[in-house]
Amino acid sequence: MLIDIALDAVGSDKAPEPEIRGAILACRALPVRVHLVGPEAELRDQLDEHLENEDLPIVIHHASERIGMDEKAAHAVRAKRDSSMRVGLKLVREGKCAGFVTAGNTGAAMASAKMVLGALPGVDRPALATPMPTSKGNPCVLLDVGANVDCKAHNLVQFAVMGEMYARSVLKIRQPRVGLLSIGEEETKGNELTREALPLLKALPIHFIGNVEGRDIFNGNADVIVCDGFVGNVALKTSEGVGRFVRDVLRESLTRTVTAQVGALLSRRAFNDFRRRLDYTEYGGAPLLGVRGVCIIGHGSSNDNAIYNGIRVAQEFAKAGTNERIEQEIASRPRHSEHRSGADAVVQ
């Protein structure tokens, strides 16, 4: 049985080329049917050029509008009712597709998902989660990384439940270790938010390991790390910058110091392995946890490999029934009242 995945075909910086190539790669390797969403004539011409009479389960859904990277999310979502994001998410809402993937405007994607799909019962605020590479090989899930820049303690509790379920069902970690990102391991360390959230997290029936620090994102000591979207987005962007810096410095050092042919070959292999472990395209994008449907949001600079992996993650997410499990977990926990003060902001 093929799993239907809707793909925003005009979302990335270089769309639709990466989307079409990624869709083709996915349909060749995965049990999926990809629904390309965007201007039909343009997509049909480019798809025919790439397929060369190859019969793959790819269909096109027309959408006359696209949301640019520089557009304000709230305005674009309201004004462009036939955008590729909105049309693709409607396919999920109507049950025609099991998930949606986009490499477009992150703020618009989150706002569209909230509007079109709605939040799961019991979830006050959806969270954007992203897998981070670790020295032990298994990724660490960091959330929230930008959907909510200001949070209450009970929001972090919901993030922990959703992240733990994601790690179990999609990443296949049997008993994920969940930590709270703070400035020290001691329970007295942190700000008002982390100190208030800590006892609530300790009361959850999950493997909560207490406060963790920034270095624990990469050392493999935690499988899920929870924080508000402001801290998470800063951590994510800093990590990406450091990763590029280390990669560039290492490449320069290898080029300058390795002269023997055999040594150069071995060093190049080691460097390529190192680069793959830091390569965001291998992780396929960040799932938006807590909405009524699978929504994967990737980098605007996504290439065909990133699109392929985004489709793979959406397929795995849908197959595992992660949303249904999250809904059951959240529903089984007592609700907390939330002071709504307009703090729910998205990162452009």
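The numbers here are math on the coordinates, done by the rules we state, and not lab data. Quick caveat, the model's predicted, so the values are computed rather than measured. We place every Cβ from the backbone using ideal geometry, glycine too, and count neighbours over all the protein chains shown.
Less than 5 angstrom separates the built amide H of residue 147 from those of 128, all sequence-distant by 5 or more or on a different chain. A simple rule links phi to the HN-Hα coupling: the Karplus curve 6.51 cos²θ - 1.76 cosθ + 1.60 with θ = phi - 60°, which for region 39-48 gives x, 4, 4, 5, 5, 4, 4, 6, 5, 4 Hz, with x for Gly and Pro. Couplings for region 227-235, taken from phi via the Karplus curve 6.51 cos²θ - 1.76 cosθ + 1.60 with θ = phi - 60°, read 7, 6, x, 5, 4, x, 5, 4, 4 Hz in order; Gly and Pro are left as x. With neighbour counts taken as other beta-carbon atoms within 10 Å, the residues 85, 132, 1 rank, fewest first, as 1, 132, 85. Computed over the chain, the percent of Cα pairs more than 28 Å apart is 43.
About the Cα centre of the chain, how large is the charge dipole given +1 on each Lys and Arg Cβ and -1 on each Asp and Glu Cβ? Please answer in debye to the nearest 20. Numbers along the way, then the final one.
Details: 43 positive and 44 negative charges, 132 e Å.
The calculated dipole for the chain is roughly 640 debye.
Within the same chain, lysines fewer than 8 places from residue 152 are excluded, and of the rest, those with a Cα less than 22 Å from its Cα are 114, 189, 202.
Would you kindly work out the equivalent ellipsoid of region 35-183 from its C-alpha gyration tensor and give its semi-axes, the square roots of five times the eigenvalues, largest first in whole Å? Don't skip to the answer; put the middle values down first.
Values: eigenvalues 208, 86, 39 Å².
Semi-axes (√(5λ), whole Å): 32, 21, 14.
The H on the amide N of residue 207, modeled in the peptide plane, is under 5 Å from the matching H of 178, each at least 5 residues off or on a different chain. For residue 142, the residues whose modelled amide H falls within less than 5 Å of its own, excluding neighbours fewer than 5 places apart on the same chain, are 130, 132, 225.
The phi-based Karplus calculation (6.51 cos²θ - 1.76 cosθ + 1.60; θ = phi - 60°) puts the 3J(HN,Hα) values of region 141-157 at 8, 10, 7, 8, 10, x, 6, 9, 6, 10, 9, 9, 4, 5, 5, 5, 4 Hz, whole numbers, x for Gly and Pro.
Helix-only arithmetic for the chain: the sum of -39500 (n - 2.57) across DSSP H runs with n ≥ 4, divided by the residue total, places the mean residue ellipticity at 222 nm at -14500 deg cm²/dmol.
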